[in-house]
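Engineer: The following block contains the structure, expressed as structure tokens.
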Amino acid sequence: MSYRRDTTKLASADQHLALSEAQAAELPDALKVVPRTCATVAIIGAGTMGAGIAICALDAGLKVILLEQDEAALQHGRERVANHYQGRVAKGKLAVEAATATQALLTPSTDWTQLSHADLVIEAVFEDLAVKQEVFKKIDTHARGGAVLATNTSYLDVDAIANATRRPQDVLGLHFFSPANVMKLLEVVRGAQTAPDVLATGMALGKRLKKMPVLTGAAFGFIGNRIYNAYRRQCEFMLEDGAWPEEVDAALEAFGFAMGPFTVADLSGLDIAWRMRKAQAATRDPRERYVAILDHLCEQNRLGRKTGAGYYTYVDGKRSPTTDDVVRAIITQASAARGITRRTLSAEEIQHRALLAMANEAALLLAEGVAARPGDVDVVLVHGYGFPRAQGGPVFWARQQDAATLKRDLQALIQAAGHGFALGDIAQLAA
């Protein structure tokens, strides 16, 4: 089993992605309506994400209201935006006059009544459902009638957020990726009651911000996080089965990912996934195969690069080449607790199992209508999750495999995963 690249495959992968990108940027015919006017955008939350979204909107020539709860937080937001433009000027990428004119479009404020001037409001606060619902109640009070109301949630229930307002038809998800002023992907999330012209406004905004907008249903994790979670979960299974984090990372980097999943986890912070897992704990079926390795790392305050240790250790920002004895002991104990005799996994097996998990989840998403087209999955994974463009995406990869072998391997994958893991219909991935 080999994933060496060849020029024929590279050419067809590029063709596939070019077509998929063109299709993803367009709404289905039934939803093609005139978007609402969008000249002024209000962003609630001036942290890293909110400031990044503000920069995107400013660069697109939009007026921006940046709202925070207090002056100290607002000042940090101002500084984030100002430092960005100062850096652009210092590198010779932007004239002083242009930077000044762009920043003149920004209105920082702690006054919620400013929302009445906005055509579109984007909430970019802490990823907690109760917090976001409270914010949307305040938005509902202050935003003008007909304004589009967007949540930047990455996995929470958009409908539960929309229902905190008296106008759920005006609410949608706009899932930006961090850093928002760099990453091209924008998941435009359709709630149960989202009006067609609200979706059209979200897609039009994505294009104006020079992003790659992709329509997705309002299921947990949307397209990207749902598939990435399946990928990461399979990689955690492989830790219990016998691989070390550095072996998994090296295999997937050899496939073409810029970073393997455990390096990515350390970079983004293990507590992000840990918080999401704890939120799901009450509804998790105890019969499901659940790998608690990440939980045990977090319990020891190994939260990743920011604390100097996660799956790897970090000294002066440099990652250790291998995992240490603490991590290996946690992994070995997890294998023993499940009654698994550890074995060596080849790079090819690691790659194949990770890709199978992604392809299977893509089939499930398509069957559920969360993704509208197979190509949308590949666009999301390539633009937002570091899937190597030269490999075309998990759907494209699956199409290159022998169908009978793919079905057999998927059956084996699901059986190994255990109770509750659904088998997707790979026919959903057909062109």
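Taken together, the values in this text are just the output of simple stated rules run on the coordinates, not laboratory data. Predicted model, so just to flag it, every value in this text is computed and none were measured. In this analysis, Cβ positions are derived from the backbone assuming ideal geometry, glycine residues included, and neighbour counts consider all displayed protein chains.
Engineer: Taking the Cβ of VAL121 as the center, what net charge do the other residues with Cβ under 15 Å away carry, scoring Lys and Arg +1 and Asp and Glu -1? All intermediate terms of the calculation are to be shown ahead of the outcome.
Structural biologist: Details: positive: ARG36, LYS63, LYS132, LYS137, LYS138, ARG144, ARG166, ARG167; negative: GLU68, ASP111, ASP119, GLU123, GLU134, ASP140, ASP170.
After counting each charged neighbour, the total is +1.
Engineer: About the Cα centre, and with charges only on the beta carbon of Lys, Arg (+1) and Asp, Glu (-1), how big is the dipole of the chain? Nearest 20 debye, please. Intermediate results must be reported in sequence, preceding the final value.
Structural biologist: Values: 47 positive and 48 negative charges, 83 e Å.
Its charge dipole is roughly 400 debye.
Engineer: Hey, what do the phi angles of the range 113-126 turn into as Karplus ³J(HN,Hα) couplings, whole Hz, using 6.51/-1.76/1.60 and θ = phi - 60°, x for Gly and Pro?
Structural biologist: 5, 4, 4, 5, 8, 8, 7, 9, 10, 10, 7, 9, 9, 3
Engineer: A further question follows. List the residue ranges in the chain for DSSP H helices whose C-alpha atoms run 15 angstrom or more along the long axis and whose Kyte-Doolittle average is 1.0 or above. Intermediate values should be presented prior to the final figure.
Structural biologist: Details: long enough: 7-24 (25 Å, -0.21); 48-59 (17 Å, 1.47); 71-90 (27 Å, -1.01); 129-142 (20 Å, -0.34); 196-208 (18 Å, 0.18); 224-241 (26 Å, -1.12); 245-255 (16 Å, 0.05); 270-280 (16 Å, -0.64); 325-337 (18 Å, 0.89); 347-368 (32 Å, 0.42); 374-384 (16 Å, 0.73); 403-417 (21 Å, 0.35).
What comes out of the filter, once short or polar helices are dropped, is 48-59.
Engineer: In addition: Might you report the magnitude of the Cβ-based charge dipole of the range 286-412 about its Cα centre, with Lys and Arg at +1 and Asp and Glu at -1, to the nearest 20 debye?
Structural biologist: Working: 17 positive and 14 negative charges, 40 e Å.
Once rounded to the nearest 20, the dipole reads 200 debye.
Engineer: Separate question: Ranked by Cβ crowding within 10 angstrom, fewest neighbours first, how are VAL214, VAL182, VAL171, VAL33 ordered? Let's see the in-between values first.
Structural biologist: On the way: VAL214 31, VAL182 10, VAL171 28, VAL33 14.
By the 10 Å Cβ count, ascending: VAL182, VAL33, VAL171, VAL214.
Engineer: Report, by chain and number, residues whose modeled amide H sits under 5 Å from the one on MET259, excluding near sequence neighbours (fewer than 5 apart, same chain).
Structural biologist: The answer is none.
Engineer: Hey, another quick one. Of VAL148, GLY173, VAL96, which is farthest towards the positive pole of the chain's charge dipole, taken about the Cα centre with +1 and -1 on the beta-carbons of Lys, Arg and Asp, Glu respectively?
Structural biologist: Farthest towards the positive end: VAL96.
Engineer: Another one. Filter the trypsin sites (Lys or Arg not before Pro) in the range 99-188 to those in DSSP coil with at most 14 other Cβ atoms within 10 Å of their Cβ, and list the result. Spell out each step's value before the answer.
Structural biologist: On the way: sites: LYS132, LYS137, LYS138, ARG144, ARG166, LYS184; in loops: ARG144, ARG166, LYS184.
Answer by residue number: ARG144, ARG166.
Engineer: Something else about it: Relative contact order for the chain: what percent, with Cα pairs under 8 Å and sequence separation of 6 or more?
Structural biologist: Values: 755 pairs, mean separation 71.6, N = 431.
Relative contact order for the chain comes out at 17 percent.
Engineer: Further question: Taking H placed 1.01 Å from N in the peptide plane, check which residues at least 5 places from LEU27 or on another chain put their amide H under 5 Å from its amide H.
Structural biologist: none
Engineer: So what are the range 29-217's ellipsoid semi-axes, whole angstrom, largest first, if each one is the square root of 5 times an eigenvalue of the alpha-carbon gyration tensor?
Structural biologist: Working through the eigenvalues yields semi-axes of 26, 19, 14 Å.
Engineer: Over the range 214-351, what is the mean sequence separation of C-alpha contacts under 8 Å (at least six apart), divided by residue count, expressed as relative contact order in percent?
Structural biologist: Relative contact order here is 32 percent.
Engineer: Quick one: work out the % antiparallel among DSSP beta bridges in the chain, nearest 5.
Structural biologist: Just about 25 percent of them are antiparallel.
Engineer: Using the count of nearby Cβ atoms within 10 Å as a rough guide to exposure, how do VAL34, VAL198 rank from fewest to most?
Structural biologist: Fewest-to-most Cβ neighbours within 10 Å comes out as VAL34, VAL198.
Engineer: With the dipole of the range 29-217 worked out from charges on the C-beta (+1 for Lys and Arg, -1 for Asp and Glu) around the Cα centre, which of GLY191, PHE126, TRP112 lies farthest toward the positive end?
Structural biologist: Ranked along the dipole, the leading option is GLY191.
Engineer: Compute the separation of the alpha-carbon centres of the range 353-371 and the range 136-160 and state it in Å as a whole number.
Structural biologist: 29
Engineer: Take every Cα pair under 8 Å in the range 29-217 that's 6+ residues apart, average their separations, divide by the length, and report that relative contact order as a whole percent.
Structural biologist: Values: 382 pairs, mean separation 44.5, N = 189.
Worked out over the range 29-217, it gives 24 percent.
Engineer: Using DSSP, restrict attention to beta bridges with both residues in the range 29-217 and report what percent are antiparallel, rounded to the nearest 5.
Structural biologist: Antiparallel: roughly 15 percent of the beta bridges in the range 29-217.
Engineer: Next up: Per residue of the chain, what 222 nm ellipticity follows from adding -39500 (n - 2.57) for every DSSP H run with n ≥ 4, rounded to the nearest 500?
Structural biologist: Here the helix-only value at 222 nm equals -15500 deg cm²/dmol.
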